[in-house]
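Enquirer: Have a look at this one.
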Amino acid sequence: MGIIENYLKVRASIPDHVKLIVVTKFKPVEAISLLYDTVSHRDFGENRAQEFNSKMRALPSDIHWHFIGHLQTNKVKMVIPGASLIQSVDSMRLLQEINKAAMGAAVTAKVLLQFYIAEEETKFGFSYDEACQLLDNLQSEPMPNIAIVGVMGMASFTEDHQQVSKEFKGLRQVFEKLKTGYFAQSQEFKEVSMGMSGDYRIAMDEGSTMVRIGSLILGER
Ligand SMILES: *Cc1c(COP(=O)(O)O)cnc(C)c1O
């Protein structure tokens, strides 16, 4: 099946209140252009700063670019000001660098805090306690050019539906607790980015507001 057929099939399985981010890492700009032109898709995700930056330069400026990978502090300038959402903030230092770059570019950087919810050791992200520590720090030392608009996480890569479901449920609970504890006054803290090609239906069942789908639409990498 072609990319457009895949896209339409996936699109039809996602309700309107869940945003679809098409993950285009390692895929050519032509694949993005095709979705942009044919079905007017506008939200795309990339996980490497260099690739993010070069695709952004090559493609129309009304695309909403989501940065979804581990971001090194020395590469922040490649994604600011172009990113409409940095989904993968996994340390205080990174947040500070993003704030600095956003200040320099006179923009407010929208970000999600990434949480470590999987059993695997390789995934980046905060624990709930670490995030609380960061948010406590922010109350005494605000970062004026940052807007934290939600959370992101990746479940374990496993066939165990129960396990994946439990991890996504946990992330949704983290979101609810942070919302009550730190963002009660914030209208914009509302995103729970969870779900990929293999597990997005489970994620939606557990309260995802944003799914990040690559291979199911564009084929294996
Ligand atoms: C690659 C990637 C995705 C998409 O993965 P697929 O399994 O191809 O849908 C989603 N989120 C992140 C953070 C990724 O790196």
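The values are calculated or read from the model by the stated rules, or taken from the named source; none is laboratory data. Being a predicted model, the structure only gives us computed values, none of them experimental. Cβ placement follows ideal geometry from the backbone for every residue including glycine, while neighbour counts extend to all protein chains displayed. Note: areas computed on protein heavy atoms with side chains; ligands, DNA, RNA excluded. Shrake-Rupley method; radii C 1.70, N 1.55, O 1.52, S 1.80 Å.
Enquirer: Look at Gly219 and say whether it is buried (at least 19 other Cβ atoms within 10 Å of the Cβ), within 16 Å of the ligand (Cβ to nearest atom) and within 23 Å of Glu5 (Cα to Cα).
Expert: Judged against the criteria, Gly219 is not a match.
Enquirer: Could you tell me which residue of region 17-40 is least open to solvent (accessible area, probe 1.4 Å), considering only residues that are closer than 27 Å to Asp205 by Cα and over 18 Å from the mean Cα position of the chain (by Cα)?
Expert: The extreme case among them is Leu35.
Enquirer: On to the next question. Could we say that Leu59 is farther than 30 Å from Ala131 by Cβ, at pLDDT 95 or above and aliphatic (A, V, I, L, M) here?
Expert: In short, yes.
To keep it simple, each residue is scored yes or no on (1) open to solvent by 90 Å² or more (accessible area, probe 1.4 Å); (2) touching a Cys at 6+ places or on another chain (Cβ under 6 Å); (3) of a type in the set (Val, Ile, Thr); (4) within 17 Å of Ile68 (Cα to Cα).
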position	(1), (2), (3), (4)
Ala118	no, no, no, yes
Asp136	no, no, no, no
Glu141	yes, no, no, no
Met152	no, no, no, yes
Thr158	no, no, yes, no
Leu178	no, no, no, no
Gln185	yes, no, no, no
Met196	no, no, no, yes
Val211	no, no, yes, yes
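Enquirer: A further question follows. Do we find that Val107 is buried (at least 17 other Cβ atoms within 10 Å of the Cβ), more than 16 Å from the ligand (Cβ to nearest atom) and not charged (D, E, K, R) in this structure?
Expert: no
Enquirer: Among all residue pairs at least 6 apart or on different chains, which show Cβ distances below 9 Å where the first residue, located in region 34-59, is within 14 Å of Leu20 (Cα to Cα) and touching a residue at least 24 places away in the same chain (Cβ under 8 Å) and the second is polar (S, T, N, Q) and outside any helix (DSSP H, G or I)?
Expert: Going by the 9 Å Cβ cut-off, the qualifying pairs are Leu35/Thr24; Asp43/Ser84; Gly45/Thr24; Gly45/Gln87.
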